[in-house]
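What follows is a short report on a single structure.
The values are calculated or read from the model by the stated rules, or taken from the named source; none is laboratory data. Only a predicted model underlies this, so the values are computations on that prediction, with no experimental measurement involved. Reconstructed Cβ throughout: ideal geometry from the backbone, glycine too, with neighbour counts over all protein chains shown. We work out accessible area using only protein heavy atoms, side chains counted, and drop any ligands, DNA or RNA first. Shrake-Rupley method; radii C 1.70, N 1.55, O 1.52, S 1.80 Å.
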Amino acid sequence: MKGLLLLTALCVAVFAKKTFEGNQVLRITAKDETQISLLKELSEQKHLELDFWREPIHESLPVDVHVPFHSLQDVRAFLGNNQIQYDVMIMDVQDLLDDEERDMVKYHSSPKSTDDFVYTAYHNLSEIYSFINMLVAENRKLVSKIVIGRSNKKRPLNVLKFSTGANRPGIWIDTGIHSREWDTQASGTWFAKKIVKDYKRDPVLTDILNNYDIFLEIVTNPDGFAYTHKKNRMWRKTRKPHHFFFWCVGVDPNRNWDAGFGGAGSSGKPCSETYHGPRANSESEVKAIVDFVKSHGKLKAFVSIHSYSQMLLYPYGYTRTPAKDNDELNKLAKKAVSALQSLYNTQYRFGSIINTIYQASGGTIDWTYNQGIKYSYTFELRDTGTYGFLLPANQIVPTAEETWRALMTIMEHTRKNPY
Ligand SMILES: [Zn+2]
């Protein structure tokens, strides 16, 4: 009997979806370097199981931390004893997840066409993959699907190619390389539909597509994304277990690129959320894009989309040396951000990664920039922390619409400034 109970408990632990009842997200405002160091010490306390949504880097930036219910008392005491100021940003993480789940169930359907697809709700991997197939079937002259590789769990890495002629230079957009950033995959789905709707209607997009191909990878980390739906909504990394510390799963795919690989702002600890992996390109999801970029050879813009924080960033992240095109990248970012803001007055910060957020090594766009893709940008979409990674579904479309304005600004500039 005891054995059976134990077995049942083990099965529940292995197969059940993780819940977050009573967990809170705290917004911490450190006032000086000492408090930042204290917060770094706090983050090292493994038994607290803290999940930093925004890490302690510098006193000018807020720190957001997701605290399990069992650690709340300890964390509050630690902050209180050290006179570190904080607010409760999310009172109960599970409440938000329940809302999210309710919306998903409500809109869970099998649309007959991409017109029927519900863009105002979040969707799982198979729903997005069937959306991709439908979009291709409906627009054979404009859209095709290419499989650039397989994930660690052998899922196809699908990329939509929008093309109106052979041998064109290309523009790349990816969403969802960090799996829990659900508003990015949702925005990517909306972008795909927007492109087919606007071609031959919007003169600027039509001109871009008459001269450039657009490549869009909506689910860049499918293993992680499937895991966020089935097991743990907060999963960020890939899903490859470490070869030795097998209980540490996954690599941060935005620290795995061959640009300052293994440097500051990435971690060598296999269980860390920013683990850079055993070597550059160790993750098949990253390697597939690397191979694609190299074999294509003519990508002129590369945009990798994350959330959250409302920022538009350009290289570099791993070094303080400014990119040689820094001035142009800065001017274009400013223009893109003001186009974005013009729709719903959403305010973005912009600048190089290292000056705007923090030093981060092995990042996507540092590598693409070093490959000669001048217009390399990263977005951090909505919001600035009210919901963080749990952006309510009613913000999906407004987020996608405003981001599209910025993307159009970058693509139009790329079109008008060939190199
Ligand atoms: Zn991210």
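Okay, here's what the table says:
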item: Candidates Ala339, Ala323 - the one that is over 20 Å from Met408 (Cα atoms), more than 16 Å from the ligand (Cβ to nearest atom) and not basic (Lys, Arg); result: Ala323
item: Selection status of Ser126, of a type in the set (S, T, N, Q) and not in a loop (DSSP other than H, G, I, E, B); result: yes
item: Any hit, segment 167-175, residues being out of contact with any strand residue (DSSP E or B) (no Cβ under 6 Å at 6 or more places or on another chain) and modelled with pLDDT of 95 or more; result: no
item: Single unsatisfied condition, Trp257 versus (1) assigned to a loop (DSSP other than H, G, I, E, B); (2) open to solvent by less than 30 Å² (accessible area, probe 1.4 Å); (3) within 24 Å of His66 (Cα to Cα); (4) in contact (Cβ under 8 Å) with a residue 60 or more places away in the chain; result: (3)
item: Segment 325-364, residues that are open to solvent by 50 Å² or more (accessible area, probe 1.4 Å) and under 16 Å from His58 (Cα atoms); result: Asn355, Tyr358, Gln359
item: Qualifying residue in segment 299-313 (condition: open to solvent by 70 Å² or more (accessible area, probe 1.4 Å), charged (D, E, K, R) and either at pLDDT 95 or above or within 15 Å of the ligand (Cβ to nearest atom) (or both)); result: no
item: Lone qualifier among Gln371, Gln395 - being open to solvent by 20 Å² or more (accessible area, probe 1.4 Å), modelled with pLDDT of 95 or more and within 29 Å of Phe52 (Cα to Cα); result: Gln395
item: Test result for Leu157, closer than 30 Å to Val251 by Cα, touching a residue at least 12 places away in the same chain (Cβ under 8 Å), open to solvent by less than 80 Å² (accessible area, probe 1.4 Å) and in contact with a Gly (Cβ under 7 Å, 6 or more places away or on another chain); result: yes
item: Some residue of segment 221-242 being out of contact with any Ser or Thr (no Cβ under 9 Å at 6 or more places or on another chain) and over 21 Å from Pro68 (Cα atoms); result: yes
item: From Gln35, Gln94, Gln73, residue being open to solvent by less than 70 Å² (accessible area, probe 1.4 Å), assigned to a helix (DSSP H, G or I) and closer than 21 Å to Gly22 by Cβ; result: Gln94
item: Residues (under 18 Å from the mean Cα position of the chain (by Cα), of a type outside the set (S, T, N, Q) and not in a helix (DSSP H, G or I)) located in segment 223-239; result: Arg233, Met234, Trp235, Arg236, Lys237, Arg239
item: Conditions (1) open to solvent by 10 Å² or more (accessible area, probe 1.4 Å); (2) part of a loop (DSSP other than H, G, I, E, B); (3) over 27 Å from Lys40 (Cα atoms): number failed by Thr220; result: (1)
item: Top-ranked residue of segment 137-176 - restricted to ones that are part of a loop (DSSP other than H, G, I, E, B) and touching a helix residue (DSSP H, G or I) at 6+ places or on another chain (Cβ under 7 Å), ranked as farthest from Ser304 (Cα to Cα); result: Asn139
item: Some residue of segment 170-179 being touching a Lys or Arg at 6+ places or on another chain (Cβ under 7 Å), closer than 20 Å to Glu285 by Cβ, within 16 Å of the ligand (Cβ to nearest atom) and in contact (Cβ under 8 Å) with a residue 40 or more places away in the chain; result: yes
item: Residues located in segment 110-138, provided they are touching a residue at least 24 places away in the same chain (Cβ under 8 Å) and of a type in the set (S, T, N, Q); result: Ser113, Thr114, Thr120, Asn124
item: Filter result for the condition that a residue is open to solvent by 10 Å² or more (accessible area, probe 1.4 Å) and either touching a helix residue (DSSP H, G or I) at 6+ places or on another chain (Cβ under 7 Å) or within 21 Å of Pro270 (Cα to Cα) (or both), over Lys194, Lys230, Lys237; result: Lys194
item: Number of the exception - Asp183 against (1) buried (at least 23 other Cβ atoms within 10 Å of the Cβ); (2) part of a loop (DSSP other than H, G, I, E, B); (3) charged (D, E, K, R); result: (2)
item: Residue, most open to solvent (accessible area, probe 1.4 Å), within segment 398-419, restricted to residues that are touching a helix residue (DSSP H, G or I) at 6+ places or on another chain (Cβ under 9 Å) and either outside any helix (DSSP H, G or I) or of a type in the set (Gly, Ala, Ser) (or both); result: Asn417
item: Residue tally, condition among the β-branched types (Val, Ile, Thr) and buried (at least 22 other Cβ atoms within 10 Å of the Cβ), over segment 197-216; result: 2
